[in-house]
1. So, restricting to strands (runs of 3 or more DSSP E) that lie completely within region 150-230, which ones have at least 1 residues that are closer than 24 Å to Ala33 by Cβ and open to solvent by 30 Å² or more (accessible area, probe 1.4 Å)?
2. Return yes or no: is Ser113 open to solvent by 10 Å² or more (accessible area, probe 1.4 Å), small (Gly, Ala, Ser) and within 15 Å of the chain's Cα centre (by Cα)?
3. Just the residues that are open to solvent by less than 30 Å² (accessible area, probe 1.4 Å), closer than 16 Å to Val208 by Cα and at pLDDT 50 or above, please, taken from region 1-29.
4. Any residue in region 44-55 that's touching a residue at least 24 places away in the same chain (Cβ under 8 Å): show its pairings with residues that are surrounded by fewer than 17 Cβ atoms within 10 Å (Cβ to Cβ) at Cβ separation under 7 Å, as long as the two are six or more apart or on different chains.
5. Based on what the data block shows, is Leu118 buried (at least 22 other Cβ atoms within 10 Å of the Cβ) and within 21 Å of Leu50 (Cβ to Cβ)?
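The values are calculated or read from the model by the stated rules, or taken from the named source; none is laboratory data. Not measured: the values here are computed from a predicted model. When we count neighbours, we look across all protein chains shown, and the Cβ atoms used for this are built from the backbone with ideal geometry, even at glycine. Accessible surface areas use protein heavy atoms only, side chains included; no ligands, DNA or RNA. Shrake-Rupley method; radii C 1.70, N 1.55, O 1.52, S 1.80 Å.
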Amino acid sequence: WKKFSRKSTINKIAHNQWNDLSSDLPIPGIRIAFSNMSCSIESHGDLSSLCDNVGLDSKKLVSINQVHSSKIISVKRAGHYESSDGIINIGGNLVCSIKVADCLPIYFINRISRTIGLVHAGWRGLSLGIINEYINNVKKNNERASDNYVFIGPSIKKCCFKIQSDVLSHFDSRFYSKINDKHYQVDLQKWAVNQIMNLNIKNDKIFVIDKCTYCNKDLYESFRRDGDAA
């Protein structure tokens, strides 16, 4: 139940190389660890090192091969899973992890069933309905969407997320604004929160970290800022 995780690390990790975001969610017993710019990840073994250093059990680690899809998998045992962008762990006895470098890391916690989930949501995932897919999958276990608390970690914000008109049709017009004839700014966090609330999860159960991964160069990796080096 107390297991949640996110990305990255090196073999020996110092506390200043990751951020403990657990206190940003009003649920005791949940550990949310988010690596910062001092770390990088190359393998499942690196994630295992992070688990050990932040007080989680690396033998219970779950990781996925992310493909910017809307696919959600439900897992009962530790390991690395292929081609998905969201994890459900019924009962919350595993350590879930994803990698992000601008995309939204979205954490789901059901205080009643103790189910936990972690979703990698970039603009493609949001446009494909990955949040709705997550809730549809937990409902198969007779769980209610309204019992979930949701936490959105550091990610690229409207100030730095710009798109061109050729992909505009994939976005909800309520959450972008025009810069010029070819470029638009998009608020991915507001778009995600709107999708979450449309699933009967109230605003007072949704928590968003107000930090932009692109702006905070000394804190976070950013694919849009640094490209493949992120």
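1. Numbers: elements: 162-164, 176-178, 183-186, 206-208.
So the answer is 206-208.
2. No.
3. Answer for region 1-29, where residues must be open to solvent by less than 30 Å² (accessible area, probe 1.4 Å), closer than 16 Å to Val208 by Cα and at pLDDT 50 or above: Leu21, Ser22, Leu25, Ile27.
4. His44/His80; Ser49/Asn11; Cys51/Asp57; Val54/Arg31; Gly55/Arg31
5. Numbers: buried (at least 22 other Cβ atoms within 10 Å of the Cβ): yes; within 21 Å of Leu50 (Cβ to Cβ): yes.
Yes, satisfied.
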